[in-house]
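The values are calculated or read from the model by the stated rules, or taken from the named source; none is laboratory data. Note that the structure is a prediction, hence the values are computed from the model and not measured. With ideal geometry, Cβ positions are generated from the backbone for all residues, glycine too; neighbour counts draw on all protein chains shown. The accessibility values were calculated without ligands, DNA or RNA, using every heavy atom of the protein model including side chains. Shrake-Rupley method; radii C 1.70, N 1.55, O 1.52, S 1.80 Å.
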Amino acid sequence: MYSRTLVVVLVQECIKVLTGRIGLTISPANPEYIYAIVEAAEGKGGFYRTTNRGASWEKRSDHVTSGNYYQEIIADPIDVNTVYSLNNWMTVSHDGGKTFKIVGEDYKHIDNHSMWINPSNPKHWLVGSDGGVYETFDSANNWDFKENIPVTQFYKVALDNELPFYNIYGGTQDNFSIGGPSRVITDHGITNQDWFITHGGDGFESQVDPYDSNIVYAQSQHGVLVRFDKKSGEEVGIQPKERKGENAYVWNWDAPLTVSKHIKGGIYFAANKVFRSVDYGNSWEVISEDLSRQIDRNTLKVYDRVVSIDAVSKNGSTSLYGAVVSLAESPIDKNLIIAGTDDGLIQITENGGETWRKVDNISGVPKLTYVNNVYLSQHNVKVMYAAFNHHKYGDFKPYIFKSTDKGQTWVNISNNLPIRGSVYGFEEDHIDENLIFCGTEFGAFFSPNAGQNWKKLDTGIPTIAVRDIAIQQRENDLVLGTFGRGFYVLDDYSSLRNIENVKPAEKAIIYPIRDALMWEKSTPLGLPGKSFQGDNFFTAPNLGPEAIITFYYNEKYESPKEIRQKGEKNLIKDKKDTPYPNYDALKVEMEDVAPQLVFTFKDSSGNVLKKEFKKAVEGVQRFNWDLRYSYQNPVDFSKPKFYNPFSGKKEGSLINPGKYTVEAHLYKNGVMEPLVEPVSFNVKALDNTLMPANDRKEKVAFQREVAALSAEIQVSQTMLREMNTKIKYIKEAIKLSEEPMGELSKFVYDIELKIKEINKLLRGDSVKRKLDIDQIPTPANRVGSIMYEQKYSTSAPTKTHMDSFEIGKEEFIPIKEKVDKLYSEDMKKLELLLNEKDAPYTPGRGFNN
């Protein structure tokens with residue numbers, strides 16, 4: 001069979017004109033048949049077929065798609081004459097390419113790029129489009145959208161200051177402009193239903209009014225700007241229009257937009273000119289002339305020459321050239337504005353747009369390089385940054401430059417960024433002027449020293465293009481807009497302000513802890529997690545009511561076994577003798593216990609609330625505390641055999657709002673070594689309930705009382721179970737003993753009766769339950785009901801709860817006394833008697849009892 005390359009050559013030879021993109025498919029039904037969809041000059045493009053493996057070709061029709069985006073065709077696995085063409089609207093031919101018709105995509109996203117056809121059932125397809133993955137089982141009559149694949153491509157990201165949780169906004173590749181919460185109060189994670197559309201089309205840069213988060217600005221391609229009312233869901237178009245007699249504006253596919261930090265209702269927007277509005281986009285002032293080089297793009301070379309006006313797809317589906325593509329207003333000086341163009345210019349105004357100063361030919365920046373990002377410092381009015389992107393010329397190097405004199409001179413601060421990785425986004429920390437961030441084609445990086453050294457942020461982030469970066473200053477959150485994996489949030493990155501480009505001298509550090517918000521999670525789906533929604537129900541991770549603890553530990557633990565094996569590696573590699581360890585060395589290995597880091601949480605009175613245990617691993621790490629007391633029920637190492645959402649969680653009740661501390665120790669060989677001084681932090685209750693407890697401390701105290709009584713009841717129940725287990729072994733021991741059974745058996749029988757009677761008092765009469773005979777609620781019933789009804793509520797306990805608790809407590813006291821006496825006296829007497837009779841050993845019975 002011919003190779004794919006040879007088939008393409010044969011097609012080109014057949015057409016004998018300049019060709020563009022050629023899509024091929026070989027028919028699985030008959031490999032002699034090959035189809036080709038061809039872009040070509042002089043009207044020679046179209047749909048071609050060979051029935052002899054490429055020896056000769058026949059043009060079947062003029063059907064073509066857009067070469068820069070589609071030109072993909074798929075042959076049916078059964079019918080040699082059926083072939084599918086992937087386009088904005090997907091089409092099918094049943095006559096070998098002579099005619100094509102729409103397959104039908106009523107409730108499916110268009111713009112199709114890939115397709116799989118089930119070889120055993122050609123009506124079953126999987127199709128990949130700009131909207132994601134869709135499946136049909138009836139040849140496109142009905143479609144199922146795979147809504148659990150987080151592959152959204154974001155061009156830009158913007159944040160608001162909404163309380164208690166800010167929202168994240170962004171423009172997506174052909175999936176609208178959207179917004180959604182950074183956190184939610186539910187126990188389901190952040191779901192697709194939590195997001196909302198702010199504008200249609202391809203989405204680009206969004207912004208939120210800094211004074212009113214219900215005012216959201218969104219746009220689609222070529223500067224179609226709208227003002228979205230989050231309260232009502234309405235939108236109104238506010239794109240600047242040409243003045244009388246003015247030439248049409250040149251809009252980039254992704255036009256830059258920024259909101260003013262100085263003017264209420266102020267917005268800046270740009271085409272080839274810069275626009276300012278001071279009334280939320282109701283009117284616009286043009287504050288610059290054309291800021292581009294005003295180059296005729298048809299004079300520029302494509303590859304190695306200027307191509308003909310009739311060249312294949314010349315200027316097709318591309319942005320207009322000569323536009324502003326990046327824009328920023330100084331947070332310090334309202335008159336200082338900077339713009340970057342798609343043809344390599346930086347333009348600066350220091351008087352609000354009256355005059356502009358051109359910056360060109362920066363040393364180290366290739367000519368005509370796309371100015372992807374411009375940034376004006378919030379610390380020093382003279383400092384500005386620019387990120388250049390030259391990938392359209394085949395140059396994928398990073399170009400980040402800094403000026404400290406308002407653009408008069410520039411220094412390359414790309415330094416140790418990977419040599420391959422074009423730069424897109426940039427941000428500067430609002431506290432530490434030396435802490436900066438950038439987004440590249442292959443990930444996000446930070447520098448603690450103004451770009452002298454860069455370090456990749458790669459924990460939890462896939463290798464993906466980071467197109468934009470935003471900082472939520474109130475929360476110290478870093479938010480990434482990725483092109484293919486959605487948004488990523490680094491909660492409270494403030495510890496990075498304490499990181500230098502050297503190893504810390506301290507053995508351990510607990511970094512400052514931001515205020516933790518506390519609430520009880522809701523379950524609008526009825527149960528936690530995905531509830532009954534099925535495995536394909538998408539939920540994103542959510543930061544719940546938790547304190548984020550970020551820490552550093554400077555020692556890398558290696559076990560004696562790991563040290564030995566490391567030393568043996570070269571011996572094994574070189575096929576040399578590898579001596580066995582001696583007795584003492586192997587004994588040390590086998591008895592070695594890895595050290596642990598122990599984090600102890602305390603209240604303001606020094607009471608221990610919870611301890612968290614972590615591996616002693618070198619580096620900066622973090623974990624989250626759920627703001628709950630330790631679970632005080634009897635220790636139980638058993639694990640459920642399956643997921644049961646009705647079984648409840650082994651967790652304590654929420655703590656009180658207030659001030660708390662956390663301290664760290666190294667636990668090694670039975671010794672607790674203090675590592676750092678306690679670090680304090682605040683826990684604040686979320687104001688999200690209508691009837692919160694008037695006295696939160698009393699509420700929590702009651703929850704603790706209920707939890708303690710519940711634990712005591714479970715202790716008694718556990719003791720009864722243990723005694724039942726002991727009795728089972730004791731009965732067998734009596735059978736095996738070389739003594740008469742009478743005395744021992746009577747003793748056992750009496751204890752069994754007492755256990756049954758106590759169980760009846762504690763858990764109810766099972767016989768009555770079977771006969772549906774009414775009986776008085778037991779203490780276990782009462783306390784279990786109270787736990788269920790109020791453990792996960794911040795409301796005050798009801799009078800019913802408190803009254804029922806007192807009844808349960810009062811009724812449990814004599815039951816507990818019976819259990820304790822039976823366990824510590826009666827059972828002990830029985831075990832002593834067994835010892836006297838030399839009965840075989842039974843579990844839990846010491847011979848010295």
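Side notes on the structure shown:
- Failed criterion for K314 (all others in (1) among the basic types (K, R); (2) modelled with pLDDT of 95 or more; (3) part of a loop (DSSP other than H, G, I, E, B) hold): (2)
- The set of residues in the range 119-133 being closer than 16 Å to A75 by Cβ and open to solvent by 20 Å² or more (accessible area, probe 1.4 Å) consists of P119, S120, N121, P122, K123, H124, L126.
Quick grid of which residues meet (1) at pLDDT 95 or above; (2) in contact with a His (Cβ under 9 Å, 6 or more places away or on another chain); (3) assigned to a loop (DSSP other than H, G, I, E, B):
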| site | (1), (2), (3) |
| --- | --- |
| S326 | yes, no, no |
| P331 | yes, yes, yes |
| G340 | yes, no, no |
| G352 | yes, no, yes |
| N361 | no, no, yes |
| V365 | yes, yes, yes |
| V371 | yes, no, no |
| Q378 | yes, yes, yes |
| Y385 | yes, no, no |
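- Filtering the range 627-648 to residues that are touching a strand residue (DSSP E or B) at 6+ places or on another chain (Cβ under 8 Å) and part of a loop (DSSP other than H, G, I, E, B) leaves L627, Y629, S630.
- The residue that is least open to solvent (accessible area, probe 1.4 Å), among those in the range 472-498 that are touching an Asp or Glu at 6+ places or on another chain (Cβ under 6 Å) and farther than 30 Å from S129 by Cβ, is D477.
- Lone unmet requirement of (1) touching a strand residue (DSSP E or B) at 6+ places or on another chain (Cβ under 6 Å); (2) closer than 18 Å to S326 by Cβ; (3) crowded, with 19+ Cβ neighbours inside 10 Å for H188: (2)
- Every condition in (1) within 20 Å of I287 (Cβ to Cβ); (2) touching a Ser or Thr at 6+ places or on another chain (Cβ under 7 Å); (3) touching a residue at least 60 places away in the same chain (Cβ under 8 Å) is met by W253 except one, and the failing one is (1).
- Any hit, the range 584-598, residues being in contact (Cβ under 8 Å) with a residue 12 or more places away in the chain and under 23 Å from S680 (Cβ atoms): yes
- Taking the criterion of being surrounded by 14 or more Cβ atoms within 10 Å (Cβ to Cβ) and in a loop (DSSP other than H, G, I, E, B), the residues of the range 507-519 that qualify are K507, Y511, P512, I513, R514, W519.
- Complete set of residues in the range 221-254 that are farther than 17 Å from F275 by Cβ and surrounded by 12 or more Cβ atoms within 10 Å (Cβ to Cβ): Q221, F228, D229, K230, E235, W253
- Any pair with Cβ under 6 angstrom, 6 or more apart, that starts in the range 501-513 at a residue that is of a type in the set (S, T, Y) and ends at one that is buried (at least 19 other Cβ atoms within 10 Å of the Cβ): Y511/S495; Y511/T550
- Any chance T550 is β-branched (V, I, T) and either assigned to a strand (DSSP E or B) or modelled with pLDDT of 95 or more (or both): yes
- Any hit, the range 813-832, residues being among the small types (G, A, S), outside any helix (DSSP H, G or I), over 51 Å from the mean Cα position of the chain (by Cα) and more than 30 Å from P545 (Cβ to Cβ): no
- Any strands (runs of 3 or more DSSP E) falling wholly within the range 23-140 and containing at least 3 residues that are touching a helix residue (DSSP H, G or I) at 6+ places or on another chain (Cβ under 8 Å) and farther than 30 Å from F154 by Cβ: 34-40
- Selected residue (only one of F176, F204 is open to solvent by 10 Å² or more (accessible area, probe 1.4 Å) and in contact with a Ser or Thr (Cβ under 8 Å, 6 or more places away or on another chain)): F176
- Applying the set (1) surrounded by fewer than 20 Cβ atoms within 10 Å (Cβ to Cβ); (2) within 36 Å of the chain's Cα centre (by Cα) to M90 leaves exactly one unmet item: (1).
- Scanning the range 412-433 for residues that are over 18 Å from Q378 (Cα atoms) and either surrounded by 15 or more Cβ atoms within 10 Å (Cβ to Cβ) or not β-branched (V, I, T) (or both) gives N412, I413, S414, N415, N416, L417, P418, R420, G421, S422, V423, Y424.
- Helices (runs of 4 or more DSSP H) wholly inside the range 677-780 that include at least 3 residues being over 37 Å from the mean Cα position of the chain (by Cα) and touching a residue at least 12 places away in the same chain (Cβ under 8 Å): 696-736, 742-763
- Residue tally, condition part of a loop (DSSP other than H, G, I, E, B) and loosely packed, with under 12 Cβ neighbours inside 10 Å, over the range 595-616: 4
- Members of the range 434-468 found to be within 24 Å of Q173 (Cα to Cα), open to solvent by less than 10 Å² (accessible area, probe 1.4 Å) and of a type in the set (V, I, T), listed by number: T440, V466
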